[in-house]
Amino acid sequence: MTTVGVIGLGYVGLPLAVAFAQEGCDVVAVDLDARKVEAIAAGESYVEDVSNESLGQLESRIHATTQYAALSQAEAVLICVPTPLTRNREPDLGPLIEATRALAGVLRADQLVVLESTTYPGTTRERVAPLLEESGLAAGRDFHLAYSPERVDPGRTDHTLRNTPKVVGGLTDACAERAHALYALVCDQVVGVSSPETAELAKLLENIFRSVNIALVNELAMLTDRMGIDVWEVVEAAATKPYGFMRFEPGPGMGGHCLPVDPFYLSWRAREFDMATEFIELAGKINQQMPYHCVTKAQRALNDRGMSVKGARVVVVGVSYKPGVGDVRESPALKIISLLRELGAEVVYHDPHVPGLAEFGLTSTPLEQALAEADLALIVTAHPGVDHELIARRARLVVDLRGVTRAASTANVVRL
Ligand SMILES: NC(=O)c1ccc[n+]([C@@H]2O[C@H](COP(=O)([O-])OP(=O)(O)OC[C@H]3O[C@@H](n4cnc5c(N)ncnc54)[C@H](O)[C@@H]3O)[C@@H](O)[C@H]2O)c1
């Protein structure tokens, strides 16, 4: 039986640990956060994609710990720690370096190490390998090393780890073969590429592709606003083309751990090669502008009714960065709430997935109560299960940033 180690038990690491355990592997799951370790041991999931029930059933197979020493039992170790940006928007490899150093301290010959965290091309070979080699073991000779990007889309049920092809690039052919065999346990299709760098860049291309296309349609939304054209109808019409067009929706900007962050890993790396990645920068600029545009839109909607933002009671509906999840990292809703407060609005929010927003001293208000009291309902994230038509009917004024009230064409609704 294979023993798999997972370092970093977040949105990526915990579902991976569960997937390997469900295939009969013993899993050593390491996280610095003792609360997460305790929660796993108690069968309490803190990630939407993992149910308490599945975690409870795997209790005997997942050994969660804060101690790296336990990883020496594993045949393979997957690194899934965060790769954020610094305040200056440069790659912050701090957590990765810390995790890799700690792993080097317990690494043993013949283990396979796979980096799953999203990062710039060259990280596995130039940063991870040398740190692991401080163990005295040589990468590609004494232990195997590969990169395999995570493609999980939290909250999604149609594309899972099992049926989403997994890209793998090994330091050597033998590294690639080991990694391929490991992922074949949990994925139907493993796609081998010639190097870790190719796999690292493939992941960035996927996310940059989304970021650029979202920016394109967001820029269009700002233009259609001036032109008096309904952007949702434009997108709908263009999407009837059966080839050569892919639908992207406008919205209040990008959130989450990935899209606002990952592209800048590449633009940073590109500077070493005397390249400015202009698409990435431009997309980032446009997407960052969207919360400001959305607040202006809300301000105008209030103004048209003889009201100012100052003193207006606003309920923000949906504060996580995407539908169906409770993750508020980099969520544009946070920026929008700050901007509204700066303008003097009294802001409350409703989000069935986010019980509290400590940084604003707010807790989720029941929808009907919030609607009864609010001057404006601002739909920022459209969770399934939230009755947006009810919002369109009940709220005095609605600004819909997600196009979910299109069926209810009432005079009190303004859309992005
Ligand atoms: N969340 C996603 O949808 C997603 C999708 C694809 C790829 N990724 C990438 O996967 C990586 C992890 O993302 P995530 O969303 O799971 O992050 P996360 O913040 O949810 O989880 C990371 C975990 O790592 C732990 N950690 C940090 N430093 C550690 C250390 N030195 N040793 C042990 N544990 C440590 C943290 O406590 C945390 O529990 C990132 O590179 C991210 O870009 C994320």
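The values are calculated or read from the model by the stated rules, or taken from the named source; none is laboratory data. These numbers come from a predicted model, not from an experiment. All Cβ positions, glycine included, derive from the backbone under ideal geometry; neighbour counts span all protein chains shown. Remember, those area values only see protein heavy atoms, side chains included, never the ligands or the DNA or RNA. Shrake-Rupley method; radii C 1.70, N 1.55, O 1.52, S 1.80 Å.
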Amide H neighbours of A76 under 5 Å, at least 5 residues apart or on other chains, H built in the peptide plane: list them.
T3, G5, L112
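Listed here are the pairs K166/K335; K36/K285; K297/K322; which of them are more than 30 Å apart at the Cα? Kindly include the intermediate steps, with their values, before the conclusion.
Values: K166/K335 34 Å; K36/K285 35 Å; K297/K322 21 Å.
Long pairs (Cα-Cα over 30 Å): K166/K335; K36/K285.
Hey, with R₀ at 41 Å, roughly what FRET efficiency would M227 and E346 work out to, going by the Cβ-Cβ distance, to 0.05?
Working: r = 33 Å, r/R0 = 0.80.
It comes to 0.80.
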In nm, give the distance between the simple-model label positions of L282 and Q73, each being 7 Å from the Cα along the Cα-to-Cβ direction.
5.4 nm
So for the pair N88, E389, with labels modelled 7 Å out along Cα→Cβ, what separation do we get in nm?
5.4 nm
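Over region 258-365, what is the relative contact order in percent, taking alpha-carbon pairs closer than 8 angstrom and at least six residues apart?
Details: 121 pairs, mean separation 23.0, N = 108.
Over region 258-365, the number comes to 21 percent.
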Between E53 and M1, what is the spin-label point distance in nm, taking each point 7 Å from the Cα along the Cα→C-beta axis?
2.3 nm
Convex hull volume per residue in cubic angstrom - Cα atoms of region 104-167
106 Å³
Projecting the Cα atoms of A179, G251, S72 onto the charge dipole of the chain, where Lys and Arg contribute +1 and Asp and Glu -1 at Cβ, the residue farthest towards the positive end is G251
Taking the dipole of region 270-416 about the Cα centre (Lys, Arg +1; Asp, Glu -1; charges at Cβ), the one of A358, A382, A372 that reaches farthest to the positive side is A372
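Distances over 22 Å make up what percent of all Cα-Cα pairs in region 279-416?
Here the tail beyond 22 Å accounts for 31 percent of pairs.
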Using a Förster distance of 56 Å, the FRET efficiency for A184-K310 (Cβ separation, nearest 0.05)
0.40
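Note down the magnitude of the dipole of region 1-128 about its Cα centre, charges +1 on Lys and Arg C-beta and -1 on Asp and Glu C-beta and zero elsewhere, to the nearest 20 debye.
On the way: 9 positive and 17 negative charges, 98 e Å.
Dipole magnitude for region 1-128 comes out near 480 debye.
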So how do H353, H293 rank on accessible area, 1.4 Å probe, biggest first, that is with the largest at the start?
H353, H293
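Against the empirical 2.2 N^0.38 Å scaling, what ratio does the C-alpha Rg of the chain come to? Spell out each step's value before the answer.
On the way: Rg = 23.2 Å, N = 416, 2.2 N^0.38 = 21.8 Å.
My calculation over the Cα atoms of the chain gives 1.07.
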Residue span R108 to D142: 0.36 nm per residue of separation minus Cα-Cα distance leaves a gain in nm of 11.4 nm
